[in-house]
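Okay, so here's the structure we're looking at.
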Amino acid sequence: MVISVVLLAIYFGSLALALGSILGNKAISAAITGVVGISTYLVNAFAPSVEHLGKFQKYTPFYDYNGINPLINGLNLKNAFDLLLFSVLFLIIGIIIFKRRDLAI
């Protein structure tokens, strides 16, 4: 369970880094990351109750975090790999775009 939480935190941290590199504004990138976090959490939470959200639940990072109930079944390596894969992807995008930015004043 702890590994899943750490991977989820790394996922949103690398998303914020990529957005910050793209947009150049930390407030906007933090706000977008927060909106993505809250909206994906709500989709994952309401998907069992709302029929139309059920098809989107498997695409949320919170499903990868807690989709197979890691407290009972242990860490699901496929879900952990998905979180890690997207985290690395966001990190690579953020680093590439940050290196290309003109930071000279």
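The values are calculated or read from the model by the stated rules, or taken from the named source; none is laboratory data. Remember, it's a predicted structure, so these values are computed and weren't measured experimentally. Please note: Cβ atoms are built from the backbone with ideal geometry, for glycine as well, and neighbour counts cover all protein chains shown. Note: accessible area is taken over every heavy atom of the protein model, side chains too, but ligands, DNA and RNA are not part of it. Shrake-Rupley method; radii C 1.70, N 1.55, O 1.52, S 1.80 Å.
Could you check, for the stretch 83-98, whether at least one of its residues is of a type in the set (Phe, Trp, Tyr), over 24 Å from residue 3 (Cα atoms) and surrounded by 12 or more Cβ atoms within 10 Å (Cβ to Cβ)?
There is at least one residue in the stretch 83-98 that is of a type in the set (Phe, Trp, Tyr), over 24 Å from residue 3 (Cα atoms) and surrounded by 12 or more Cβ atoms within 10 Å (Cβ to Cβ).
Kindly indicate which of 28, 3 is on the phi < 0 side of the Ramachandran plot, at pLDDT 90 or above and open to solvent by 30 Å² or more (accessible area, probe 1.4 Å). So that I can check it myself, show each step before the final result.
Working: 3 fails: at pLDDT 90 or above.
Going through 28, 3 in turn, just one is on the phi < 0 side of the Ramachandran plot, at pLDDT 90 or above and open to solvent by 30 Å² or more (accessible area, probe 1.4 Å): 28.
Pairs under 7 Å by beta carbon, first residue at pLDDT below 75 in the stretch 68-79, partner of a type outside the set (Val, Ile, Thr) and part of a loop (DSSP other than H, G, I, E, B), six or more apart or different chains?
Going by the 7 Å Cβ cut-off, the qualifying pairs are 68/76; 70/1; 70/76; 71/1.
Would you check if there is a residue in the stretch 9-18 being more than 11 Å from the chain's Cα centre (by Cα), touching a residue at least 60 places away in the same chain (Cβ under 8 Å), crowded, with 20+ Cβ neighbours inside 10 Å and assigned to a helix (DSSP H, G or I)?
Yes: one or more hits.
Could you tell me how many of the residues in the stretch 31-81 are hydroxyl-bearing (Ser, Thr, Tyr), open to solvent by less than 50 Å² (accessible area, probe 1.4 Å) and not in a helix (DSSP H, G or I)?
1
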